[in-house]
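The values are calculated or read from the model by the stated rules, or taken from the named source; none is laboratory data. Everything numeric in this text was worked out from a predicted model, so none of it was measured. Heads up, the Cβs are rebuilt from the backbone with ideal geometry, glycines too, and the neighbour counts pull from every protein chain shown.
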Amino acid sequence: MTPKDFETWSAQAAAWGAKYRDTLRDKPVRAQTSAGDIYHAVPPKPPETGVEMEQIFADFERIIEPGMTHWQHPRFFAYFPANAAPVSVVAEYLVTAMAAQCMLWQTSPAATELETRMMEWLRDAVGLPSEFSGVIQDSASSATLAAVLVMRERATDWAGNQKGLKANPQLRIYCSDQVHTSIDRAIWVSGIGQDNLVKIPADPVTGALPPEALDEAIQADLAAGFLPAGYIGSVGGTSIGGTDDLSATIKVAHAHGLFVHIDAAWAGSAMICPEFRTLWAGVEMADSIVFNPHKWLGASFDCSAHLVRDPKVLVKTLAIQPEFLKTHGQDGVIDYSEWSVPLGRRFRALKLWFLLRFHGLEGLRTMIRNHVAWSQSLCERLRAHPDFEIVTEPVLSLFSFRQKGASDADTIALVEAINADGRIYLTQTRTGGHIAIRFQAGAFDMTEADIETAYDVLIEMSANA
Ligand code: PLP
């Protein structure tokens, strides 16, 4: 590709992106394709000789775009958001154009030092104390894995990496039954094993891990000869927003010498609003915290903020320094690849810098406050409607509901009908033994009118169910 062609096609991609965003409201939110449609539209073999860009671009528009679920759609109410504010997309374009591999300070000094500064900005923005340091991981799953590996190494007197786990009593990690499956996977991958993830039933009403049950579980394990290593707290769990009372649970965990990691992947972004911080009161006692600016805040995927009280424990667990990765003659620099499982790293801090400067914290706070207020007002309208019942109360902008008297099969059928209709997109969860419809408001470009549409669609589709 000549420099001129590169410019032409980059401009074309940018123009396409702008039009795509501008016309999202006219598209069905969830892809309306059937399994295999896209696979069969792509030939089984790659071409032997190059194809013209006009053809490649036309095929992208013809085959790929219709097969996408539109995560940036203003009426995306499913899962949690994966917001990519346009300004962060612009930054990502620059990052992709430079395509630097930011594993070490010397491989991209600007990427490393901007990352340090951005993590300080985020730490302060969510109200964490200045002793926390941060690193941008690719995902909350990776941050949790890194934290679980620290739990493992710390509990085995830093011998697990070298000797494996056999030489030690069986490690135990504690959490509520509301945690995300990324916690289970971190336990599998770390070699600790699912049987040693002690999932304590959360209070059915508050979704919180009872601190006394945590204490009892640890005491029972100690008596049985296990080695308690860590506690993973939930703030805004994926299913219904389950949140532990951190001020109580962290004290229990620390009294037993456990390493504490908090998963606030979704809810953490809302902590830029001081009035929501009661949700994670006590978090400043944690050893490690993850939240995803790539969920609610608007930094395009991937961008997971991992804040740790003492980064030395991450480095002690994860750093490997063969000669070819050493930086000589630059004391005191950070090599962020020593803070994470993958060696290779993208330049993720640039999109945060663009995002935080363009919108300002106040702009982002307004967005989050609107989402919470609009979601809670929808919850109240559904509560007041004779056909619906609220199943779990709002946690920030997430609540669950169902049609009164609906069986699990009825609720699943209603969710499917709503998503096939395409005007809105939402998902279901299982709570209290039954299926409920899960609603979260978080799309970056959502307006109050989109919530009105959601209400109208819910009333209309449930009347036809
Ligand atoms: N934790 C919670 C509470 C989540 O909701 C999710 C994803 O939705 C994750 C962790 C995993 O996030 P990631 O995709 O960044 O690994």
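For segment 336-354, indicate whether the set of residues that are closer than 30 Å to E393 by Cβ, modelled with pLDDT of 95 or more and in a helix (DSSP H, G or I) is non-empty.
no
What are the residues in segment 237-249 that are over 16 Å from V198 (Cα atoms), buried (at least 24 other Cβ atoms within 10 Å of the Cβ) and in contact with a helix residue (DSSP H, G or I) (Cβ under 8 Å, 6 or more places away or on another chain), if any?
G241, T243, L246 - these are the residues of segment 237-249 that are over 16 Å from V198 (Cα atoms), buried (at least 24 other Cβ atoms within 10 Å of the Cβ) and in contact with a helix residue (DSSP H, G or I) (Cβ under 8 Å, 6 or more places away or on another chain).
If you check L222, L165, which single one turns out to be surrounded by fewer than 23 Cβ atoms within 10 Å (Cβ to Cβ), in a loop (DSSP other than H, G, I, E, B) and in contact (Cβ under 8 Å) with a residue 12 or more places away in the chain?
L165
Which condition does S139 not pass, out of (1) hydroxyl-bearing (S, T, Y); (2) touching a helix residue (DSSP H, G or I) at 6+ places or on another chain (Cβ under 6 Å); (3) in contact (Cβ under 8 Å) with a residue 60 or more places away in the chain, if it passes all the others?
It is condition (2) that S139 fails.
Of the residues V189, V205, V150, V198, only one is without any contact (Cβ under 8 Å) to a residue 24 or more places away in the chain, of a type in the set (V, I, T) and more than 12 Å from the ligand (Cβ to nearest atom); which?
Residue meeting the stated conditions: V205.
Looking at segment 308-317, can you tell me whether even one residue there is of a type outside the set (F, W, Y), part of a strand (DSSP E or B) and crowded, with 17+ Cβ neighbours inside 10 Å?
yes
What are the residues in segment 105-129 that are within 16 Å of the ligand (Cβ to nearest atom) and in a loop (DSSP other than H, G, I, E, B), if any?
V126
Is it the case that segment 130-146 has a residue that's touching a strand residue (DSSP E or B) at 6+ places or on another chain (Cβ under 7 Å), more than 21 Å from G233 (Cβ to Cβ), away from the ligand (no atom under 16 Å from the Cβ) and modelled with pLDDT of 95 or more?
no
Which residues, counting only those in segment 383-410, are outside any strand (DSSP E or B), buried (at least 21 other Cβ atoms within 10 Å of the Cβ) and among the hydroxyl-bearing types (S, T, Y)?
S397
Output the helices (runs of 4 or more DSSP H) that fall wholly within segment 1-88 and possess 3 or more residues being within 29 Å of the chain's Cα centre (by Cα) and under 30 Å from L361 (Cα atoms), or say none.
Those helices (runs of 4 or more DSSP H) span 3-22.
Confirm whether E338 is surrounded by 14 or more Cβ atoms within 10 Å (Cβ to Cβ), without any contact (Cβ under 8 Å) to a residue 40 or more places away in the chain and not aromatic (F, W, Y).
In short, yes.
Sort out which residues of segment 19-66 are under 28 Å from E7 (Cα atoms), aliphatic (A, V, I, L, M) and free of Cβ contacts under 8 Å to residues at least 12 places away in the same chain, and write them in order of number.
V51, I56, A58
Return the pairs, sorted by first residue and then second, in which the second residue is among the aromatic types (F, W, Y) and surrounded by fewer than 24 Cβ atoms within 10 Å (Cβ to Cβ), the first residue lies in segment 251-273 and is within 19 Å of I368 (Cα to Cα), the beta carbons are less than 7 Å apart, and the residues are 6+ apart or on different chains.
W266/F80; A270/F276
Being farther than 30 Å from G257 by Cβ and more than 13 Å from the ligand (Cβ to nearest atom) is the filter here, so list the residues in segment 280-325 that pass it.
Passing the criteria: G298, P322, E323, F324, L325.
Search segment 2-36 for residues being surrounded by 11 or more Cβ atoms within 10 Å (Cβ to Cβ) and of a type in the set (A, V, I, L, M), and hand back the single one that is nearest to Y425 (Cα to Cα).
V29
Just the residues that are in contact with an Asp or Glu (Cβ under 7 Å, 6 or more places away or on another chain), polar (S, T, N, Q) and closer than 14 Å to N292 by Cα, please, taken from segment 109-165.
Passing the criteria: S139, T144.
When the residues of segment 232-260 are filtered to those that are charged (D, E, K, R) and part of a loop (DSSP other than H, G, I, E, B), which remaining residue is nearest to the ligand (Cβ to nearest atom)?
Across segment 232-260, the extreme among qualifying residues is D244.
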